[in-house]
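In what follows, a structure is listed as structure tokens, so that the remarks can point back to it.
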Amino acid sequence: SAGSNSPQCVGSTLNLTASGGVSYHWTGPNGFTSDLQNPSIPNASINADGIYVVTVRNAYECTSDAAVNVRINRLPTADISGSPIICNGASTSEIHLVLTGTPPWSVTYTDGTTPVTVNGINSTHYNITVSPAITSTYTITNVTDGNGCSNTGTGSATVTVRPRPTGNISGSTDICAGQSAILSISV
């Protein structure tokens, strides 16, 4: 019999298993061969995806073949971008994510100090809504896809926060009905 710990993500260790004999010979994708009963492929690439066949030999020199189909999933990607300008106290949804991989995605981003995770994203294009109090740059620290594969993100988005004007009104005067008053406003 033949088995594996598939599916795995790119960069993980693929473990193949066989039983039923006294010697084993494996062949597989990308020129893979091994005479181990239970070989491992560390740091598996997408090229390790495919069908592996083990030839099992018993003590009587009889052989039998068994096969296992191995799946190596690509790592998801998340690219963040945007450069909106907002007033203090406002929010923006102009931070754009472009995602690849298998949905749903879970994305963790940070403004440099505070990590925030958004789960269950099913669209390849997604906008994050933020309302920073000061100018902040957002980056992706982790993206996990529906296969459980994780990766870091690329790019960054900077939200520039402008202060709101403050106005003061001053002046006081006693007037009679029908007269005008002069008030001073400063910002």
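Of all residues in region 86-113 being in a loop (DSSP other than H, G, I, E, B) and of a type in the set (Gly, Ala, Ser), which is least open to solvent (accessible area, probe 1.4 Å)? Taking the candidates together, the pick is ALA90.
Here is a yes/no grid of residues against (1) in contact with an Asp or Glu (Cβ under 8 Å, 6 or more places away or on another chain); (2) closer than 30 Å to VAL53 by Cβ:
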site	(1), (2)
ALA78	no, no
CYS87	no, no
THR92	no, no
ILE95	no, no
TRP105	yes, no
ASP111	no, no
THR114	no, no
GLY120	no, no
CYS149	no, yes
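Taking the criterion of being open to solvent by less than 80 Å² (accessible area, probe 1.4 Å), closer than 26 Å to SER83 by Cα and over 12 Å from the mean Cα position of the chain (by Cα), would at least one residue in region 165-185 satisfy it? Looking for residues that are open to solvent by less than 80 Å² (accessible area, probe 1.4 Å), closer than 26 Å to SER83 by Cα and over 12 Å from the mean Cα position of the chain (by Cα), one finds none in region 165-185, hence no. For GLY3, the criteria (1) in contact (Cβ under 8 Å) with a residue 60 or more places away in the chain; (2) at positive phi hold in every case but one, which is (2). Just one of the listed residues (GLY11, GLY20) is more than 29 Å from THR152 (Cβ to Cβ), of a type outside the set (A, V, I, L, M, F, W, C) and touching a residue at least 40 places away in the same chain (Cβ under 8 Å), and it is GLY20. Of all residues in region 114-151, those satisfying the criterion of being free of Cβ contacts under 8 Å to residues at least 60 places away in the same chain, open to solvent by 50 Å² or more (accessible area, probe 1.4 Å) and not in a strand (DSSP E or B) are THR114, ASN122, SER123, THR124, SER131, ALA133, ILE134, THR135.
If we scan region 8-23, do we find a residue that is touching a Gly at 6+ places or on another chain (Cβ under 8 Å) and under 26 Å from HIS125 (Cβ atoms)? Yes, region 8-23 contains a residue that is touching a Gly at 6+ places or on another chain (Cβ under 8 Å) and under 26 Å from HIS125 (Cβ atoms).
Here region 24-65 is the region considered, the condition is being open to solvent by less than 20 Å² (accessible area, probe 1.4 Å) and of a type in the set (A, V, I, L, M), and the residue that is farthest from GLN8 (Cα to Cα) is VAL56.
The values are calculated or read from the model by the stated rules, or taken from the named source; none is laboratory data. All values reported here derive from a predicted model rather than from experimental measurement. Quick reminder, even Gly has a Cβ in these numbers, built from the backbone with ideal geometry, and neighbours come from all protein chains shown. Ligands, DNA and RNA are excluded from the accessible area calculation, which covers all protein heavy atoms including side chains. Shrake-Rupley method; radii C 1.70, N 1.55, O 1.52, S 1.80 Å.
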